[in-house]
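Undergrad: What follows is a single structure, and I will ask about it in a moment.
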Amino acid sequence: MSGNDNSLIYGLEFQARALAPQLAETEKISFLIGTQSLKQTNNQIHLVEFNEEISTLKTTVFHHSEGEIWKITTSPLDISKLATCYNVISGENSCTFKTAILKLPATENPNDIENLEVVTTFDTKEYGNDVRTTEFHPNDVAKAASVIDNNVVLWDISETQAKCIRKMQLEGKHNPKFTTGKWNPHQNCNQFTTATETHLKTYDIRSGDLAWHIDNVHHQLVRDVDYNMNKQYHIATCGDDGFVKIWDFRQTNQPVYARNEHSHWVWCVRFNHFHDQLILTASSDARVLLSSAASVSSENNDICDLDDTKETETKQQLSDGPLQWCEHEDSVYCAEWSPSEPWVFASLSYDGRLLISRVKRSLKYQIML
């Protein structure tokens with residue numbers, strides 16, 4: 001296992017905790033970062049492009065004068081669109097979270113730092129103050145869902161002002177709130193999964209009813225969820241107990257995979273889009289881990305016939321557990337795979353350092369061969 005010897009570093013002048021891959025970009029390796037400067041008007045979005053052949057980074061900077069950015073998501077269908085959740089100081093020392101959909105300009109002007117155009121605004125006041133995320137629908141450009149306090153709001157985003165189509169509300173003692181949410185890319189994209197306290201709750205957006213749930217997925221707060229693109233019933237979770245787990249939501253009594261390799265809260269978990277045995281996790285222990293979950297991956301079923309005989313040979317497998325790691329100097333709130341290049345990932349620590357890393361060549365060959 002090695003540290004940062006195969007990583008490129010990009011430093012920002014402000015603290016940062018928002019990172020997103022450009023999901024619709026299939027040609028280039030590109031990521032977006034959002035800053036958290038306390039001086040609201042100083043905040044920026046950096047578009048970072050990694051040229052793998054010559055190992056260089058090209059960056060374009062945009063103003064995000066609306067406020068400090070807590071979350072960025074990108075449209076899987078439109079390369080120019082992104083959504084931010086940001087904190088606005090309103091009145092005397094009170095803060096409100098807001099969300100908006102922004103558009104990257106078509107032409108780059110390297111000499112000027114441009115403002116991003118706001119293409120859709122959201123009136124979220126009646127649903128709460130704490131907008132956690134706005135997630136673009138996987139295959140419908142006119143829809144998005146926001147997680148706000150104890151509500152999931154499904155929006156029509158086809159016009160400049162988003163319209164609420166449906167609201168799903170979390171009931172319970174002590175006013176429980178959602179921590180995050182994500183679309184299920186399977187089941188015709190009709191399900192939206194949320195985390196609340198130590199539980200997962202998944203709603204059917206057509207009816208607003210609960211589709212399935214798993215209680216007590218972690219001993220402490222659930223921080224993030226991610227779906228396996230290649231196995232339709234598998235979802236990964238991570239949380240403040242330091243664990244990363246994979247669940248089959250058809251059998252919810254126990255996870256199919258559980259590891260505890262981090263020494264502090266785990267903020268982010270991501271399946272590799274192409275090789276789902278590879279999992280990225282980011283933690284406030286200042287580490288990013290690349291781990292194997294080969295025992296439960298879709299690639300575990302690859303059996304190749306030899307000649308015409310009945311003999312079969314199972315593909316060589318990685319064993320479960322950590323494969324390589326990156327060291328940061330501060331808490332790491334996000335790590336993301338490149339959608340266009342399966343062997344490249346990015347991680348961002350709170351001190352404003354972005355690392356672009358590659359899966360080690362030896363691991364790559366083990367998986368490919």
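Values quoted throughout were computed directly from the atomic coordinates according to the rules given, and no laboratory measurement underlies them. Remember, it's a predicted structure, so these values are computed and weren't measured experimentally. FYI the Cβ positions are ideal-geometry reconstructions off the backbone, even for glycines, and counts take in every protein chain you see.
Undergrad: Which entries in LYS71/LYS360; LYS173/LYS245; LYS39/LYS167; LYS28/LYS163; LYS143/LYS245; LYS125/LYS231 show an alpha-carbon gap greater than 31 Å?
TA: Beyond 31 Å between Cα atoms: LYS39/LYS167; LYS28/LYS163; LYS125/LYS231.
Undergrad: Once you put a point 7 Å from the Cα of GLN40 and another 7 Å from the Cα of GLN161, both along the Cβ direction, what distance in nm separates them?
TA: It is 2.1 nm.
Undergrad: So if we plug the beta-carbon distance of ASN109 and ASN51 into 1/(1 + (r/R0)^6) with R0 = 22 Å, what FRET efficiency do we get, rounded to 0.05?
TA: Working from the Cβ atoms, E equals 0.60.
Undergrad: About the Cα centre of segment 1-58, how large is the charge dipole given +1 on each Lys and Arg Cβ and -1 on each Asp and Glu Cβ? Please answer in debye to the nearest 20.
TA: Charge dipole, segment 1-58, about its Cα centre: 360 debye, nearest 20.
Undergrad: Could you point to the label whose value was computed as mean projected area of the Cα convex hull in nm² for the structure here, given (1) 20.1; (2) 21.6; (3) 23.3?
TA: (1)
Undergrad: Once phi is turned into ³J(HN,Hα) by the Karplus curve 6.51 cos²θ - 1.76 cosθ + 1.60 with θ = phi - 60°, what whole-Hz value does each residue of segment 211-227 show in order, with x for glycine and proline?
TA: Result, ordered by residue: 8, 6, 8, 10, 8, 6, 5, 9, 6, 10, 3, 7, 9, 7, 9, 8, 8 Hz.
Undergrad: Using modelled amide H (1.01 Å from N, peptide plane; none on Pro or chain starts), what sits under 5 Å from the amide H of GLN324, excluding residues fewer than 5 places away?
TA: Here LEU290 satisfy the definition.
Undergrad: What's the FRET efficiency of TYR365 with ASN253 using the Cβ-Cβ distance as r and R₀ = 45 Å, to the nearest 0.05? Walk me through the numbers before you get to the answer.
TA: Working: r = 38 Å, r/R0 = 0.84.
Once rounded, the FRET efficiency stands at 0.75.
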